[in-house]
């Protein structure tokens, strides 16, 4: 109730009493760690923390893995990997047996590197790509983008600097721009478009030779070049499930890792209490093995019950016509914790909205699960292929969101394909099925895995306004037989 002035009128807010002088001292900023807590409460906090921190721990454990890499090369001969604050670059499309990052892309030559700003700022080289589409995805531990490097930004060729939250050094002469992360760990993934032709595979090599990342101590103002066709291969421990994505988050280890992870990523405004609560419960678990065992049990349940279902696109996202799904805040999640974890589980390391809009599909137009026991068509009416200034593609993934082997080694169709056949009316139909279609349709055939569920995934790189504003959405997936 407001104060009442003479005459019965309420005062305005400016007349209210100020807080007591010592009110801040009376309200601790963190829980009392000496208090005994119940198992039920510890389980509650553990379950929430596991879901919330899943993307951060995922990236953190990738950092630990890359820290063991001796030199830029290929993990298991497939995945670009490099020591911290360095980069490895593919010189062709990613191989179909890749299992470290869900929803790989066979439209670009990929690069990859982990950024460790607690060790050093990192220099990023941007060569002259000419008219070729390119974008460097640069995200922090939360998988939020913090740099704008790409064709859609009008980025000039040159040398750029990525720094952490605490860096206060002088910017060296010759650096075109500086981008600052909010966390001490980041990830960089260059993507450079390449046609599916032998001619373009040859032409791209001179361009990507100028793509590189290295610690600031090695900066001399000059552009370095590399022959990315000559990378060593490193062994990788076999995965427990050769079909699923490599496991990066472990219920039995996460509470040992979280203090370091949270120190890497200082709280966003409003997250201070969340951090304090998690750390207080972890401290209690360190004193009580039974409590810690209960938290690990709850984390395992959260993996199965909360995180696991997010692999399936139909369980989350913004629903569009004909059962397509999308998100509008990729790599700009902020405090949208649900979407951040959903994307991290199903297709981590997505681009920011201005760079790429993604569309996900598990169902046909009737709402039935896509399965190769059936045949399907996706038809773009004349002038209704995805409106982009970069490129578009339609990719098929198995139920685990990886490429399904097929006889023609084709996993996507789109801008990169120069032999797509259009109808007499200007329409474009893609045939999605396990068995080969008639010869006059084979150029437009997207093979499905035999006898299995699958998903479709549409990429629109450098999307035009119609995509961003939602007036364009993908056409229905029609079951044809």
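Descriptive notes on the structure:
- Extreme residue, surrounded by the fewest Cβ atoms within 10 Å (Cβ to Cβ), among residues of the stretch 383-401 that are over 17 Å from residue 461 (Cα atoms) and out of contact with any strand residue (DSSP E or B) (no Cβ under 8 Å at 6 or more places or on another chain): 383
- Positions within the stretch 347-365 being within 15 Å of the chain's Cα centre (by Cα) and either more than 25 Å from residue 246 (Cβ to Cβ) or assigned to a loop (DSSP other than H, G, I, E, B) (or both), in sequence order: 348, 349, 350, 351, 352, 353, 354, 355, 357, 359
- Residue match in the stretch 381-392 (condition: at pLDDT 95 or above and under 23 Å from residue 55 (Cβ atoms)): no
- Selection status of residue 83, outside the structural domain of residue 398 (by TED's automatic domain parsing) and part of a loop (DSSP other than H, G, I, E, B): yes
- The condition (being over 30 Å from residue 361 (Cβ atoms), within 23 Å of the chain's Cα centre (by Cα) and in the same structural domain as residue 48 (by TED's automatic domain parsing)) is satisfied by just one residue among 258, 279, 291: 258.
- Matching entry among 285, 276, 290 (being more than 27 Å from residue 74 (Cα to Cα), in contact with a helix residue (DSSP H, G or I) (Cβ under 6 Å, 6 or more places away or on another chain) and not in a loop (DSSP other than H, G, I, E, B)): 285
- If only residues of the stretch 331-346 that are in a loop (DSSP other than H, G, I, E, B) and out of contact with any helix residue (DSSP H, G or I) (no Cβ under 8 Å at 6 or more places or on another chain) are counted, the one that is surrounded by the most Cβ atoms within 10 Å (Cβ to Cβ) is 331.
- Number of the condition not met by residue 130 [criteria: (1) surrounded by fewer than 17 Cβ atoms within 10 Å (Cβ to Cβ); (2) touching a residue at least 12 places away in the same chain (Cβ under 8 Å); (3) within 21 Å of residue 221 (Cβ to Cβ)]: (3)
- Qualifying positions in the stretch 128-160 - assigned to a loop (DSSP other than H, G, I, E, B) and in contact with a strand residue (DSSP E or B) (Cβ under 9 Å, 6 or more places away or on another chain): 129, 132, 133, 141, 143, 146, 147, 148, 155, 156, 157
- Among the residues of the stretch 250-262, the one identified as without any contact (Cβ under 8 Å) to a residue 12 or more places away in the chain and either closer than 19 Å to residue 146 by Cα or assigned to a helix (DSSP H, G or I) (or both) is 256.
The values are calculated or read from the model by the stated rules, or taken from the named source; none is laboratory data. From a predicted model like this one, the values you see are computed outputs, not experimental measurements. Glycine also receives a Cβ, built like all others from the backbone with ideal geometry; neighbour counts cover every protein chain displayed.
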